[in-house]
Amino acid sequence: MSKTDSDLVRRFAGNLSRLRKARGLSQEELAHRAGIDRTFVSGCERLVRNPTLTTVEKIAAGLEVDPSELFKVPA
């Protein structure tokens, strides 16, 4: 699978990685909390996976944030 050129997907990936690390979570722990596969979290952060809205909700729940936090423009 190739990397995406979408600015929104890039923003999501960056926020996902930043929020996960800020909470001290490994990709594996976040995946467990979200009920998804660890390789999917890795793929999202590396821009090779494009999550559905349902998966975005699961990831946000695993991070304990509102889904909108994953799409905010970095300050």
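Of the residues that sit in segment 29-75 and are assigned to a loop (DSSP other than H, G, I, E, B) and among the polar types (S, T, N, Q), which one is surrounded by the fewest Cβ atoms within 10 Å (Cβ to Cβ)?
Step one: filter segment 29-75 for residues assigned to a loop (DSSP other than H, G, I, E, B), giving 35-37, 46-52, 64-66, 72-75.
Now restrict to residues that are among the polar types (S, T, N, Q): 50, 52.
Details: ASN50: 15, THR52: 8.
Residue satisfying both the conditions and the ranking: THR52.
What pairs come out if I take residues in segment 19-35 that are under 16 Å from THR54 (Cα atoms) and pair them with residues that are of a type in the set (Asp, Glu) and not in a helix (DSSP H, G or I) whose C-beta lies under 9 Å away, six or more apart or interchain?
Final answer for the pair search is ALA31/ASP37; ARG33/GLU64.
Condition check: among the basic types (Lys, Arg), part of a helix (DSSP H, G or I), in contact (Cβ under 8 Å) with a residue 40 or more places away in the chain and surrounded by 13 or more Cβ atoms within 10 Å (Cβ to Cβ). Does ARG11 satisfy that?
The answer is yes for ARG11.
Pairs needed: first member in segment 62-73, over 13 Å from ALA22 (Cβ atoms); second member anywhere, surrounded by 12 or more Cβ atoms within 10 Å (Cβ to Cβ) and of a type in the set (D, E, K, R); C-beta distance under 7 Å; at least 6 residues apart or different chains.
Qualifying pairs under 7 Å: GLY62/ARG33; PRO67/GLU57; PHE71/ARG11; VAL73/ARG11.
Working carefully through the options SER26, SER6, find the one that is more than 9 Å from the chain's Cα centre (by Cα), over 15 Å from GLY62 (Cα atoms) and surrounded by fewer than 18 Cβ atoms within 10 Å (Cβ to Cβ).
Numbers: SER26 fails: over 15 Å from GLY62 (Cα atoms).
Result of the check over SER26, SER6: SER6.
We did not get these values from a lab; they are worked out from the coordinates using the rules stated. Model, not experiment: these values are computed from the prediction. Cβ atoms come from the backbone with ideal geometry, glycine included; neighbour counts cover every protein chain shown.
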